Amino acid sequence: ILAAPLYNMMLFHPSMAGTYNAHSIIGTKIENVYFNTRNGSKLHGWYLPAAKAKQIVLISHGNGGNLTNRMPLIAMFLRQGMSVFIYDYQGYGLSNGTPSIIKMKEDGTAAFDWLLSNKHYSEQDVVLFGESLGTGITCHLAAQKHVAGIILQSPYISLRDLARLKLFWLRLYPDALFSTDEQLDNAKILQQPHAPLLLVHGAHDKVIPITCSEKLFSLAQPQKTFARLENASHNDIYDVDVEQYTASVREFLRSLLYIETRY
């Protein structure tokens with residue numbers, strides 16, 4: 001309770017400014033949508049339906065900026081023939097409220113449920129994509145939903161593990177002092193049966209070290225693939241090694257057409 005304002009300030013860096021007057025991305029029309037969370041907050045998202053696409057990527061972005069900063073990512077998925085739905089957490093962009101880990105879990109669930117109830121996708125039509133902090137939301141959803149696939153970009157093992165990595169004095173605190181509701185434990189989830197998985201990580205990432213993805217890959221269940229981007233760090237991942245990144249995503253998405261999920 002006492003630490004919440006401090007770690008919220010450290011974790012969340014939302015922006016309300018962005019290119020909200022955009023009408024399309026690489027020729028695909030942007031549909032602005034608003035939907036409510038369980039606690040009544042109104043969230044904003046962009047829905048971009050690719051022509052003849054059956055599957056859709058649900059993007060849970062990282063802790064900085066807002067959805068308008070992810071246009072290159074959206075374009076990459078559209079070029080693979082995938083529809084895209086990206087949303088902003090509470091307190092980000094045009095979404096109202098204030099962010100917290102528990103609220104972000106609710107935000108991700110609300111976005112997923114909106115796709116099923118308003119656009120009539122099935123759970124197995126959805127590929128979950130998480131970026132940095134959003135990988136925890138993606139894994140949280142993957143543990144509850146029977147989805148087509150999971151893509152994690154620059155993931156951490158758990159928030160507790162990442163906190164101890166960044167703030168050495170937290171290593172003195174026992175596990176019992178960390179809230180179990182807010183840990184976003186990716187390792188715990190990926191050790192259980194899950195959808196086909198792609199991990200993508202920059203070798204020079206100093207925000208979340210690539211060793212986190214290496215550990216997650218060793219713990220995860222099959223089917224799993226690891227794309228190590230040799231020249232990328234954390235925030236330049238859409239600009240460096242872009243051909244390898246795109247090829248890894250393309251091959252993974254194609255593989256989903258041939259994998260019979262049994263999890």
Estimated inter-spin distance, Tyr34 and His120, nm [label 7 Å along Cα→Cβ]: 2.5
Extension gain (nm, one decimal) between Ser15 and Ala247, 0.36 nm per residue minus Cα-Cα: 80.5 nm
Those trypsin sites (Lys or Arg not before Pro) from the range 18-82 that are DSSP loop and have at most 15 other Cβ neighbours within 10 Å turn out to be Arg38, Lys52, Lys54
Using square roots of five times the C-alpha gyration tensor eigenvalues, list the equivalent-ellipsoid semi-axes of the range 2-158 in whole Å, biggest first. 23, 17, 15
Would you compute, for the Cα atoms of the chain, the largest minus smallest coordinate along each principal axis and list the three values in descending order, in whole Å? 54, 38, 34
Förster radius 35 Å - calculated FRET efficiency between Asp161 and Asp239, Cβ distance, rounded to 0.05: 0.80
Karplus-derived 3J(HN,Hα), 6.51/-1.76/1.60, for each residue of the range 54-59, Hz, glycine and proline x: 8, 9, 9, 9, 9, 9
Per-residue ellipticity at 222 nm attributable to helices in the chain (runs of n ≥ 4 DSSP H, -39500 (n - 2.57) apiece, nearest 500 deg cm²/dmol) works out to -9000 deg cm²/dmol
Using only the alpha carbons of the range 75-150, what is the convex hull's orientation-averaged projected area in square nanometres? 5.3
Ranked packing of 244-251, 133-140, 59-66, most packed first, by mean Cβ within 10 Å: 133-140, 59-66, 244-251
Which listed pairs, of Lys103/Lys215; Lys54/Lys119; Lys42/Lys103; Lys29/Lys54, have C-alpha distances above 22 Å, in listed order: Lys103/Lys215
Between the range 114-148 and the range 22-77, what is the C-alpha centre distance in whole Å? 13
In the chain the DSSP beta bridges are antiparallel at a rate, in percent to nearest 5, of 30
Work out how much length Ala75 to Lys188 would gain on full extension: take 0.36 nm times their residue separation and subtract the Cα-Cα distance, in nm to one decimal. 37.5 nm
Nearest-10 value in Å² for the accessible area of Thr37, using the 1.4 Å probe: 10
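The values are calculated or read from the model by the stated rules, or taken from the named source; none is laboratory data. Please read all numbers here as calculations on a predicted model, not as lab measurements. Note that each Cβ is placed from the backbone with ideal geometry, even for glycine, and that neighbours are counted across all protein chains shown. The accessibility values were calculated without ligands, DNA or RNA, using every heavy atom of the protein model including side chains. Shrake-Rupley method; radii C 1.70, N 1.55, O 1.52, S 1.80 Å.
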